[in-house]
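Have a look at the structure below before the remarks.
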Amino acid sequence: MKSSELAALARVTVRTLRHYHQVGILEEPPRGTNGYRDYGVHDLVRLLRIRRLADLGIPLEHMPRMLDEADREHSPLLDQIEEGIDDEIRRL
């Protein structure tokens, strides 16, 4: 799929995709014979994970480690975020 199609499915802009390529959290796929980047489903899944982590307040610089970890279930950063959410719930 093209950049514009991937961006629409993930509800981000094409500029955001390019930024994610630039900072290294989303690999730039090869270009097809038509010159367009050719994204696959795995790119969409990774992009959706990136968006979810961003929505949780995870800084972009922490994402490669979190996305590529073999054991994603236990991350100190996620523990900190969970504590912050628990504190906010108690406060509310």
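The values are calculated or read from the model by the stated rules, or taken from the named source; none is laboratory data. Computed from a prediction, not measured in an experiment: that's the story for all the values here. With ideal geometry, Cβ positions are generated from the backbone for all residues, glycine too; neighbour counts draw on all protein chains shown. Each accessible area value is taken on the protein alone, full model and side chains, heavy atoms only, with ligands, DNA and RNA left out. Shrake-Rupley method; radii C 1.70, N 1.55, O 1.52, S 1.80 Å.
So the values come out like this:
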{"item": "Potential lengthening between Glu88 and Lys2 on full extension [0.36 nm per residue; Cα-Cα distance subtracted]", "result": "27.0 nm"}
{"item": "Gain in span if fully extended, Val23 to Gln80, counting 0.36 nm per residue against the direct Cα distance", "result": "18.2 nm"}
{"item": "Most positive-pole-ward Cα, Val45, Leu77, Leu67, against dipole of the chain from beta carbon charges", "result": "Val45"}
{"item": "Only Lys, Arg (+1) and Asp, Glu (-1) charged, at Cβ; the chain dipole about Cα centre in debye", "result": "660"}
{"item": "Percent carbon-and-sulfur accessible area, the chain, ignoring ligands, DNA and RNA, probe 1.4 Å", "result": "50"}
{"item": "Whole-number D in µm² s⁻¹ for the chain, Kirkwood Cα-pair radius fed into Stokes-Einstein, 37 °C, 0.692 mPa s", "result": "225"}
{"item": "Using alpha-carbon coordinates, inclination of helix 41-55 to the longest axis of the chain, degrees", "result": "40"}
{"item": "Net lengthening on full extension, Arg65/Val14 (0.36 nm per residue, minus Cα-Cα)", "result": "16.0 nm"}
{"item": "Protein-only accessible surface order, largest first, of Leu17, Leu60 at 1.4 Å", "result": "Leu60, Leu17"}
{"item": "Accessible area per residue, Å², the stretch 5-63 with all protein chains present, probe 1.4 Å", "result": "66"}
{"item": "Trypsin sites (Lys or Arg not before Pro) within the stretch 1-69, DSSP loop, no more than 15 other Cβ atoms inside 10 Å", "result": "Lys2, Arg11"}
{"item": "Relative contact order %, the chain, counting alpha carbon pairs below 8 Å whose residues are six or more apart", "result": "24"}
